[in-house]
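To keep things clear, I will list the structure first and then write my remarks on it.
The values are calculated or read from the model by the stated rules, or taken from the named source; none is laboratory data. Only a predicted model underlies this, so the values are computations on that prediction, with no experimental measurement involved. For neighbour counting, all protein chains shown are included, and Cβ atoms are generated from backbone atoms with ideal geometry for every residue, glycine included. Note: areas computed on protein heavy atoms with side chains; ligands, DNA, RNA excluded. Shrake-Rupley method; radii C 1.70, N 1.55, O 1.52, S 1.80 Å.
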Amino acid sequence: MLKYNRDRALLAFWVSTGARAEELLTSQEKDALPGQQLIGVIRKGTRSYQQLPASPDSFVWLRLAQEDA
């Protein structure tokens with residue numbers, strides 16, 4: 001069981017987007033677009049910015065993590 005909401009959010013984004021952990025960890029708050037259910041990442045291989053669809057649960061956990069911070 002995961003102890004922190006931040007970890008739950010990262011896991012939910014990882015599962016729903018297929019992005020690498022490093023790509024998600026380097027995302028910034030401005031990269032999350034909950035209204036569109038997208039998260040922006042810089043892809044490891046090409047270094048290009050890409051917006052990926054993510055699950056609604058991911059954004060719920062992200063919001064809870066932001067409140068914890």
> Out of (1) free of Cβ contacts under 8 Å to residues at least 40 places away in the same chain; (2) open to solvent by less than 50 Å² (accessible area, probe 1.4 Å), the odd one out for residue 26 is which?
Replying inline: (2)
> Any idea which of (1) touching a Pro at 6+ places or on another chain (Cβ under 8 Å); (2) open to solvent by 100 Å² or more (accessible area, probe 1.4 Å) is the one residue 3 doesn't satisfy?
Replying inline: (1)
>> Pull out all pairs, ordered by first then second residue, where Cβ-Cβ is under 8 Å, the residues are six or more apart or on different chains, the first lies in the range 46-69 and is assigned to a helix (DSSP H, G or I), and the second is exposed (fewer than 13 other Cβ atoms within 10 Å of the Cβ) and among the acidic types (Asp, Glu).
In response: 66/29
>> Give me the residue from the range 36-45 that is open to solvent by less than 80 Å² (accessible area, probe 1.4 Å) and assigned to a loop (DSSP other than H, G, I, E, B) and, out of that set, farthest from residue 20 (Cα to Cα).
In response: 37
>> For the range 7-31, give me each residue that is closer than 14 Å to residue 50 by Cα, of a type in the set (S, T, N, Q) and part of a helix (DSSP H, G or I).
In response: 17
> Which members of the range 6-23 meet the condition of being over 20 Å from residue 67 (Cα atoms) and surrounded by 15 or more Cβ atoms within 10 Å (Cβ to Cβ)?
Replying inline: 14, 16, 17, 19, 23
